[in-house]
Amino acid sequence: MKKALPLSSNFKLYTQMIGNLFNRTELLLGADAMERIREKRVIIFGVGGVGSWCAECLVREGIGHLTIVDSDVVCVTNCNRQLMATTKTIGKPKVEALRGRLLEINPEAEIVALQKNFSSETADEFHIGTYDYVIDAIDSLRDKIELIIKALSNSRPPVLFSSMGAALRIDPTKVRVSEFWKVKGDPLAAAMRSAMRRNKLFPARKFLCVHSEEQPLPNLGKALQDGSQTFSKVQTNGSLAHITAIFGMTLAGLVIQNICKE
């Protein structure tokens, strides 16, 4: 039976581990870029099938200050695609389950978990102008538009990257990055542009979106009626982990790439 290491040895091993945590990333990007990555403040709105993978990728690549926003709790139907959703986390707030996992990756990261919705009523509570990057992974059309307009009209606008519809797709080779007004074949982007034109409310700046050129497939099954959430045919669509994860990791990649170009 092995003897337990002295506390001083454990602390030494811990500090050495933390110091080497991003060695492979630094090998590729360099020390200066790693320092910039560590200092950036990022906020993700929506940590479901897309946002959860984005959050983990950002923390694994060195982001030191991350705020995650989502009002939902983990339910059984999340387990097919959401990073922190397992049979052990069902019933827990999504942001708390995800925060715990992220801190296991980097205990020194500042991870702020906010179990709330973004809306016109709550927008000012998030102090968006204090962040360097905003990730939009919101499902609600109205709240999605509100976030984009609010973030990009800020006196100190953050860089914003947005996810369009990841549901009802199966082909990973059709995922693309385009400027919002040039996104083609995505019903969510089309609906957003239509609503913006109708209300004469436009983003103050251009922004990039992750989207799929694959035409949405039909649902072939029936949505589960789960007591923890309200489902309806209009808002509930089938989705797959390999697509939502690609969306989320692409969003994270856009953030890291942007920081490295500074």
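Things worth noting here:
- Scanning the stretch 177-196 for residues that are out of contact with any helix residue (DSSP H, G or I) (no Cβ under 8 Å at 6 or more places or on another chain) and within 20 Å of I138 (Cβ to Cβ) yields S178, E179, D186, P187, A190, S194.
- Taken over the stretch 19-58, the residue count meeting the criterion of being under 8 Å from the mean Cα position of the chain (by Cα), under 20 Å from V159 (Cα atoms) and assigned to a loop (DSSP other than H, G, I, E, B) is 3.
- Residues of the stretch 169-191 classified as over 23 Å from L240 (Cβ atoms) and among the hydrophobic types (A, V, I, L, M, F, W, C), total: 2
- Residue count, the stretch 19-76 (criterion: farther than 22 Å from L114 by Cα and without any contact (Cβ under 8 Å) to a residue 60 or more places away in the chain): 14
- Assessment of the stretch 79-97 against the conditions (at pLDDT 95 or above, assigned to a helix (DSSP H, G or I) and either in contact with a Leu (Cβ under 8 Å, 6 or more places away or on another chain) or of a type in the set (D, E) (or both)) yields at least one matching residue.
- Of the residues making up the stretch 185-196, one or more are touching a Lys or Arg at 6+ places or on another chain (Cβ under 7 Å) and either surrounded by 14 or more Cβ atoms within 10 Å (Cβ to Cβ) or at pLDDT 95 or above (or both).
- Residue ID - nearest to A55 (Cα to Cα), chosen from residues in the stretch 122-148 that are among the polar types (S, T, N, Q) and not in a helix (DSSP H, G or I): S140
- Selection over the stretch 166-183 of residues that are more than 21 Å from S153 (Cβ to Cβ) and either surrounded by 13 or more Cβ atoms within 10 Å (Cβ to Cβ) or at pLDDT below 95 (or both) gives a count of 12.
- Residue, surrounded by the fewest Cβ atoms within 10 Å (Cβ to Cβ), within the stretch 86-109, restricted to residues that are over 12 Å from E56 (Cβ atoms) and touching a residue at least 24 places away in the same chain (Cβ under 8 Å): E108
The values are calculated or read from the model by the stated rules, or taken from the named source; none is laboratory data. Remember, it's a predicted structure, so these values are computed and weren't measured experimentally. Positions of Cβ are generated from backbone atoms using ideal geometry, with glycine treated the same way; all protein chains shown enter the neighbour counts.
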